[in-house]
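The values are calculated or read from the model by the stated rules, or taken from the named source; none is laboratory data. All values derive from a computational prediction rather than experimental measurement. Here the Cβ positions follow ideal geometry from the backbone for every residue, glycine too, while neighbour counts run over all protein chains shown. With ligands, DNA and RNA removed, areas are computed over all heavy atoms of the protein, side chains included. Shrake-Rupley method; radii C 1.70, N 1.55, O 1.52, S 1.80 Å.
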Amino acid sequence: MLFASRGAWTVGALVAAATLSMSAFAVEPQESTSLQPLVDSGDLPPIAERLPANPLVITPTERAGQQGGDWNHALMGTGGLSMLVRYQGYDPMVRFTPDWSGVEPNVAESWEVSDDSREYTFHLREGHKWSDGEPFTTEDVRFWYEDVVLNDNIAAGSLNFWNSGGELGALEIIDDHTFKVTFKEPNGVFIQQLAWADNDQIVRTPAHYLKQFHIDYNPQANELAQEQGLDSWVALFQREFGPGANEFFLNSRRPTLAAWDFEVAPGENTEQAIAVRNPYYFKIDTEGTQLPYFDRVVYQIVNDPEVLLLKTLQGEVDMMDQYIGTPVNKPVLFDGQEAGDFGFYTLKNTAANVMVFQLNLNHPDPVKNALFNERSFREALSHSVDRQALIDGVFVGQGSPAQPSIVEGDPLYVERLAKQHTEFDPAKANELLDALLPEKDDEGYRLDSEGRRVTIIFEIDQARTTFVDMFQLALPMFREVGIDAQIRTMDRSLWETRVRQGREYDATAHQFGANAGIAAILDARYFVPFNANAMYAPGWAQYYGDPDNPEAIEPPEEVKAQQELYRTLLSTGDPAKQREMMIELLNNAADQFLVFGVSLPPDGYGVIKNDMVNTMDVMPNSFGWPTPAPSRPEQFFKG
């Protein structure tokens with residue numbers, strides 16, 4: 001699918017822009033006005049010495065802009081910092097094109113892939129520098145691989161896509177600007193995985209900065225940690241390295257390759273976070289102006305969705321869709337757009353469902369574990385939900401009942417996966433539950449095998465207001481069939497700790513995943529438990545990536561077979577074989593029925609100030625294509 005900008009552009013021009021060099025335009029790089037005093041004083045090298053030999057030249061989406069000003073944003077608390085990947089943290093080795101039709105160079109100037117998809121050779125940009133002016137070379141890549149990934153003491157983040165044939169890909173450093181990754185077996189989607197959001201640890205590990213915290217490079221690292229109140233060098237290194245987004249963006253000290261560098265990181269101030277331009281950023285526009293255009297990105301930290309709505313209506317937010325673009329907010333925002341001087345952009349929803357109910361199939365309570373793992377129990381809960389009532393009440397009738405699935409019309413569409421058990425049928429639900437849980441208490445709630453009331457507490461991120469609204473309608477439906485369903489809302493940071501990183505919960509709900517094409521292959525979270533996003537089976541997901549981990553739980557044979565099929569799928573570079581195996585995987589998912597949902601999502605929307613230039617009128621709504629990052633925020637400006 002192609003997505004339109006707020007102005008004229010062609011896909012060919014956008015893709016070609018990624019490979020143009022500075023010399024192709026015969027333009028001299030232009031010094032930043034805001035940085036000129038530092039250059040004049042000798043505190044900063046001139047622009048020609050800060051750029052790589054072959055900077056990445058970006059053709060602006062609509063027109064060339066000017067540097068200066070602030071990009072005003074908001075963050076819902078400091079627990080969901082993955083949002084920052086969307087705004088300022090997406091500069092991976094390679095990146096998705098703005099229309100999501102492919103992958104293009106970024107930090108890597110170019111790459112080659114062997115015919116059998118086993119060898120990947122990457123070429124870095126000569127003269128590329130971190131935001132503190134230190135060189136970015138293959139030494140940074142080597143340090144990340146050998147001293148972080150291969151160090152058993154350090155949690156390096158999810159690296160499933162670096163595995164093939166049961167082994168981690170082997171790194172070979174060829175020279176200062178060239179490295180090769182070799183896999184035991186074909187890894188057909190490695191390039192696409194490198195472009196996926198938050199898979200970029202390889203380019204965010206500055207060796208020159210992090211070595212001071214690593215015991216192999218600093219024998220006093222333990223003492224340094226203890227001076228800062230930490231037990232050992234490992235804890236200090238983890239803090240400074242930041243394997244995942246929620247840890248990574250809390251650090252304003254670590255250099256970056258991205259367009260903006262935090263001056264005040266989230267958590268260092270309770271009211272706002274501020275990122276400032278990276279003077280060594282490796283991109284320029286077609287007129288030689290170094291990007292980014294905006295001097296700063298300023299985030300107001302907000303903890304209440306109503307406060308976020310008020311700030312948006314007052315014109316204090318330049319561009320946002322997550323948390324603000326809800327159905328209930330739309331009429332209020334529509335009425336306030338003239339006063340707030342903003343308009344709207346369209347989000348083409350790529351998620352597998354608007355909300356996915358996820359029982360914890362790895363529950364530590366053996367009775368709940370056994371019950372939740374009964375397919376007929378999940379069927380019963382699914383049949384107890386009046387999806388049309390949720391669609392009408394929360395989404396103003398936009399949508400149709402569906403399980404987490406592929407959108408109809410896509411070559412991967414499996415009707416049974418999408419439609420099974422979506423009928424609102426309380427009688428069927430009661431029939432299934434009577435066979436499993438025939439005993440009830442005096443209030444009509446079912447009792448488990450230990451004589452306890454069957455209670456399910458769904459733990460939810462409170463900022464996901466559409467989830468809360470849907471649960472207000474769904475909870476009485478579950479109770480009508482004898483299940484004491486409850487909701488516990490919490491701040492995003494607590495939800496991340498208790499649910500995404502925890503095990504002691506009954507159930508949760510989330511969205512995302514993907515409903516079409518290569519995105520569904522790369523983010524198959526609801527069809528096979530393979531990473532931390534499979535919150536219905538955290539132990540099984542851990543087993544996929546690291547079966548020897550003490551936290552891993554060996555799945556049933558049919559789930560293990562599904563995981564092995566997924567590994568095989570990811571190893572092939574043949575699109576026809578990928579499609580064939582994905583359809584098999586989706587049919588298996590229909591058999592297993594591990595989760596259930598409400599509806600495939602309707603198109604969404606975002607809010608944008610009228611003076612924003614070079615943005616897109618229509619974009620995918622995805623985390624893998626981390627909206628709006630692949631549309632290149634570095635070339636946004638106000639005009």
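The table below lists the values:
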| read-out | value |
| --- | --- |
| Matching residues, region 583-625, being of a type in the set (A, V, I, L, M, F, W, C) and open to solvent by 30 Å² or more (accessible area, probe 1.4 Å) | Ile583, Leu600, Val618, Phe623 |
| Considering residues of region 328-351 that are under 22 Å from the mean Cα position of the chain (by Cα) and part of a loop (DSSP other than H, G, I, E, B) only, the residue nearest to Arg464 (Cα to Cα) | Ala351 |
| Failed item, numbered, when Tyr605 is tested on (1) in contact with an Asp or Glu (Cβ under 9 Å, 6 or more places away or on another chain); (2) more than 19 Å from Leu194 (Cα to Cα); (3) in a loop (DSSP other than H, G, I, E, B) | (3) |
| Members of region 260-286 that are in a loop (DSSP other than H, G, I, E, B) and either open to solvent by 10 Å² or more (accessible area, probe 1.4 Å) or touching a Cys at 6+ places or on another chain (Cβ under 7 Å) (or both) | Gly267, Glu268, Asn269, Thr270, Glu271, Pro279, Tyr280, Thr286 |
| Matching residues in region 70-83 - criterion: being open to solvent by 40 Å² or more (accessible area, probe 1.4 Å) and out of contact with any Gly (no Cβ under 6 Å at 6 or more places or on another chain) | Asp70, Asn72 |
| Meets criteria (among the small types (Gly, Ala, Ser), in contact with a helix residue (DSSP H, G or I) (Cβ under 9 Å, 6 or more places away or on another chain), open to solvent by less than 10 Å² (accessible area, probe 1.4 Å) and at pLDDT 95 or above) for Ala235 | no |
| Condition met for Gln272 (within 18 Å of Gly77 (Cβ to Cβ) and free of Cβ contacts under 8 Å to residues at least 40 places away in the same chain) | yes |
| Residue satisfying all of: in region 609-639; polar (S, T, N, Q) and in a loop (DSSP other than H, G, I, E, B); nearest to Gly517 (Cα to Cα) among these | Thr627 |
| Odd one out for Tyr413 among (1) of a type in the set (Ser, Thr, Tyr); (2) surrounded by 14 or more Cβ atoms within 10 Å (Cβ to Cβ); (3) touching a residue at least 24 places away in the same chain (Cβ under 8 Å); (4) out of contact with any Lys or Arg (no Cβ under 8 Å at 6 or more places or on another chain) | (3) |
| Glu408 being surrounded by fewer than 20 Cβ atoms within 10 Å (Cβ to Cβ) and in contact (Cβ under 8 Å) with a residue 40 or more places away in the chain | no |
| Per-region count, region 415-430, residues more than 14 Å from Phe596 (Cα to Cα) and either under 28 Å from the mean Cα position of the chain (by Cα) or of a type in the set (Val, Ile, Thr) (or both) | 1 |
| Of the criteria (1) part of a strand (DSSP E or B); (2) over 28 Å from Arg632 (Cα atoms); (3) basic (Lys, Arg), which one Lys368 fails | (1) |
| Lone unmet requirement of (1) under 22 Å from Arg500 (Cβ atoms); (2) surrounded by fewer than 19 Cβ atoms within 10 Å (Cβ to Cβ) for Gln300 | (1) |
| Test: Ala221 is in contact with a helix residue (DSSP H, G or I) (Cβ under 8 Å, 6 or more places away or on another chain) and among the aliphatic types (A, V, I, L, M) | yes |
| Strands (runs of 3 or more DSSP E) (entirely within region 82-200) containing at least 1 residues that are modelled with pLDDT of 95 or more and over 18 Å from the mean Cα position of the chain (by Cα) | 103-105, 108-113, 119-124, 170-175, 178-182 |
| Which numbered condition Asn246 misses (of (1) buried (at least 18 other Cβ atoms within 10 Å of the Cβ); (2) free of Cβ contacts under 8 Å to residues at least 40 places away in the same chain; (3) part of a helix (DSSP H, G or I)) | (2) |
| Which listed residue, of Leu210, Leu257, Leu224, is in a helix (DSSP H, G or I) and crowded, with 18+ Cβ neighbours inside 10 Å | Leu210 |
| Count of residues meeting criterion [more than 13 Å from Lys368 (Cα to Cα) and touching an Asp or Glu at 6+ places or on another chain (Cβ under 8 Å)] in region 430-445 | 2 |
| Breaking point among (1) more than 30 Å from Ile460 (Cβ to Cβ); (2) touching a residue at least 40 places away in the same chain (Cβ under 8 Å), for Pro46 | (2) |
| Region 333-380: number of residues that are touching a residue at least 60 places away in the same chain (Cβ under 8 Å), open to solvent by 20 Å² or more (accessible area, probe 1.4 Å) and charged (D, E, K, R) | 6 |
| Listing of strands (runs of 3 or more DSSP E) fully contained in region 438-552 that carry 3 or more residues being among the hydrophobic types (A, V, I, L, M, F, W, C), modelled with pLDDT of 95 or more and open to solvent by less than 30 Å² (accessible area, probe 1.4 Å) | 455-461 |
| Within region 346-384, considering residues that are under 15 Å from Leu600 (Cα atoms) and of a type in the set (Val, Ile, Thr), the one modelled with the lowest pLDDT | Thr350 |
| Residue in region 383-390 that is crowded, with 23+ Cβ neighbours inside 10 Å, in contact (Cβ under 8 Å) with a residue 60 or more places away in the chain, in contact with a helix residue (DSSP H, G or I) (Cβ under 9 Å, 6 or more places away or on another chain) and not in a helix (DSSP H, G or I) present | yes |
| Some residue of region 554-561 being over 23 Å from the mean Cα position of the chain (by Cα), under 29 Å from Gly399 (Cβ atoms), assigned to a helix (DSSP H, G or I) and not aromatic (Phe, Trp, Tyr) | no |
